[in-house]
1. Just to confirm the number: angle between the C-alpha axis of helix 3-107 and the first principal axis of the chain, 0 to 90 degrees, nearest 10?
2. List the pair-distance distribution P(r) of the chain, using every Cα-Cα distance, as the percent of pairs falling in each 5 Å bin from 0 up to the bin containing the longest distance, rounded to whole percents.
3. Quick one: if the Förster radius is 25 Å, what FRET efficiency do L73 and T51 give, using the C-beta to C-beta distance and rounding to 0.05?
4. For the stretch 2-108, build the charge dipole from Cβ charges (+1 Lys, Arg; -1 Asp, Glu) around the Cα centre, then report which of Y98, Q75, V38 sits farthest towards its positive end.
5. How many angstrom lie between the Cα centre of the stretch 1-59 and the Cα centre of the stretch 82-108?
6. Which net charge results for the neighbourhood of F91, defined as the other residues with beta-carbon distances under 11 angstrom from its beta-carbon, given Lys and Arg at +1 and Asp and Glu at -1?
7. Provide the net charge surrounding V23, with neighbours chosen by a C-beta distance below 14 Å and charges set as Lys +1, Arg +1, Asp -1, Glu -1.
8. If you place +1 on the Cβ of every Lys and Arg and -1 on the Cβ of every Asp and Glu, how big does the dipole about the Cα centre of the chain come out, in debye to the nearest 20?
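The values are calculated or read from the model by the stated rules, or taken from the named source; none is laboratory data. In this text the structure is predicted, and so the values were computed from the model without any measurement. FYI the Cβ positions are ideal-geometry reconstructions off the backbone, even for glycines, and counts take in every protein chain you see. These accessible areas exclude ligands, DNA and RNA; they are computed on the full protein's heavy atoms, side chains included. Shrake-Rupley method; radii C 1.70, N 1.55, O 1.52, S 1.80 Å.
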Amino acid sequence: KTRKELSETQVAKEKERVEAVNVVREKMNKEVANLKNVLKAIEDDMKDKDTAMQAAKEGLREKEQLMNELRNLRQKMEMEEARAKTENNKFGKSLSEYARKEEKLSHE
């Protein structure tokens, strides 16, 4: 081949190489853009899940507070029931004693 033909062949091969590099570069840019979109979607999903987790934790705290309040009210109720029972027993004894005295007085 002549020098001119060799030069033309080299120029053609260089053009092909540049085109191939551009094709690969374009594919890589598309893939990078796609991966960035996937990463963004994952980050958004993580933010949503974190927000939901925080809401669940807050709900759990509220539930625990309500359970503690309920437990305290139950204890107070049990104490009041015990006090009322004691008072009722005292009243019942006093009433019985009063009835006996009244009966005793009525027989005298």
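1. Rounded to the nearest ten degrees, it is 0.
2. Reading the bins upward from 0: 2, 8, 6, 6, 5, 6, 5, 5, 5, 4, 5, 4, 4, 4, 4, 3, 3, 3, 3, 2, 2, 2, 2, 2, 1, 1, 1, 1, 1, 0, 0, 0.
3. The pair L73/T51 has a calculated efficiency of 0.15.
4. The residue sitting most towards the positive pole is V38.
5. The distance from the Cα centre of the stretch 1-59 to that of the stretch 82-108 comes to 95 Å.
6. Spelling it out: positives minus negatives among the neighbours equals +1.
7. Surrounding charge for V23 is +1.
8. Magnitude of the dipole: close to 600 debye.
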